[in-house]
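Every read-out reported here was derived from the displayed coordinates using simple, explicitly stated rules and does not represent laboratory data. For clarity, every value in this text was computed on a predicted model and none was experimentally measured. All Cβ positions, even for glycine, are placed from backbone atoms using ideal geometry, and neighbour counts span all protein chains on display.
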Amino acid sequence: MAEAMIQADGLVKIYKSKQTEVLALQGLDLTVETGELTALIGNSGSGKSTFLNMIGGLDKPSAGSLVVGGKNLFTISEKELVRYKRDTVGFVWQNNARNLLPYLSVLQNVMLPMRLSGSRKKRDRALELLEMVGMSSKKRSRLNMLSGGEQQRVAIAIALANSPQLLLADEPTGSVDAATSDYIFDLFAELNKNGQTILIVTHDVALSRRVRRVVAIRDGRISSEKLLKESYMDRIRESSVDWRTEDTQDEYVIMDRAGRIQIPKEMTGVLKEGGNKVKVELQDGKVILSSGKKEA
Ligand SMILES: Nc1ncnc2c1ncn2[C@@H]1O[C@H](COP(=O)(O)OP(=O)(O)OP(=O)(O)O)[C@@H](O)[C@H]1O
Ligand SMILES: [Mg+2]
């Protein structure tokens, strides 16, 4: 079997300061296969950016294991890490000021991170990328003359400059309007169709309903997953589907390696009559949970 692009096992991240300790990731398990487009959702503070930053090599995990593109991020040397951040992963942030230099032209911005030798090659590759994100006509514009959505497209071109194995995006549509957000999603879908592995953090419901796999994170752990229904698989780019309201996905809870699952909050009430004891039975190949209350 081919190696997964991302393999996180029991990943823990603790932020320590003088007064406090924040447990941002609390034993997170996730496998992302090569070629997948995955969305990561979850409440504010649930650990999405923390996880993305670990994968991007921007911050060190505290415990557990994390292997990305065959690189173990616990044992990686400083020198390898520099190469990893440049060549293995590409990063798009919500706030594209982190990606872009305002006083340079679009073309210069895209050429800047490139590792190709020869300015001719760099130029050709940059033009190809700008074509791909629909920004060729603005290649001479200065960054500060572009709209937010246009800047985000340039940011995507930059993230792809060194053909990373994995593209990471933290709320890439967080500060653009709905039409631009659709355009950016289409771009990700197109890149993914051409084999690019992508992990996107998003709050955008419509966007997440168009992704084959959506992973929900709660309190620093993966709590549930949604998978696109078979009948919607080939319709991801169709605008005739109302992605905001149609029920396009099936939802699953996640069982960890020890066999633990988290029961959705709205269902725990039924089970609580027996205190904290829950009866687990196997019937006709199905596992049935019921309250552990003694029958009268
Ligand atoms: N550098 C840091 N130092 C201390 N605590 C941090 C740091 N970064 C994040 N945290 C804390 O870790 C937890 C997870 O934060 P994180 O930014 O990963 O959440 P998030 O899911 O990305 O939220 P949002 O949707 O608001 O972007 C939060 O409690 C946050 O306050
Ligand atoms: Mg965040």
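Dipole magnitude for the chain: computed about the Cα centre from +1 point charges on Lys and Arg Cβ and -1 point charges on Asp and Glu Cβ, it is near 1140 debye.
When shorter helices are ignored and each DSSP H run of at least 4 residues is given -39500 (n - 2.57), the per-residue value for the chain at 222 nm works out to -7000 deg cm²/dmol. Just in region 135-216: which trypsin sites (Lys or Arg not before Pro) are loop by DSSP and have at most 11 other Cβ atoms within 10 Å? Hits after loop and neighbour filter: 140.
Please name whichever of 240, 287, 178 sits farthest to the positive end of the charge dipole of region 149-296, dipole taken about the Cα centre and charges placed at Cβ: Lys and Arg +1, Asp and Glu -1. Going by the Cα projections, it comes out as 287. Specify the longest stretch of the chain that does not include any exposed loop site, a site being one of the chymotrypsin sites (Phe, Trp or Tyr not before Pro) with a non-H, G, I, E, B DSSP assignment and at most 15 other Cβ atoms within 10 Å. Result, exposed sites excluded: 104-296.
Using a cutoff of 8 angstrom between alpha carbon atoms and counting only pairs six or more residues apart, the relative contact order for the chain works out to 19 percent.
For the chain, a Gaussian network of Cα nodes joined below 10 Å ranks 29, 124, 87 by mean-square fluctuation, and the top entry is 124.
Of all aspartates and glutamates in the structure, those lying under 16 Å Cα to Cα from residue 16, and not within fewer than 8 positions of it along the same chain, are 59. For the listed residue pairs 13/229; 13/121; 48/71; 18/226, the alpha carbons are over 30 angstrom apart in 13/229; 13/121; 18/226. Shape summary: region 6-262 maps onto an equivalent ellipsoid whose semi-axes, from the alpha-carbon gyration tensor, are 30, 24, 16 Å in decreasing order.
The simple Förster model, with R0 at 30 Å and r as the Cβ-Cβ distance, assigns residue 282 and residue 234 a FRET efficiency of 0.20. A P(r) calculated from all alpha carbon pairs of region 1-131, with 10 Å bins opening at zero, reads 10, 33, 33, 18, 5, 0 percent. One Cα centroid belongs to region 116-173, the other to region 12-73; the line between them spans 26 Å. The modelled label-to-label distance for the pair residue 9/residue 219, using points 7 Å beyond Cα in the direction of Cβ, is 2.4 nm.
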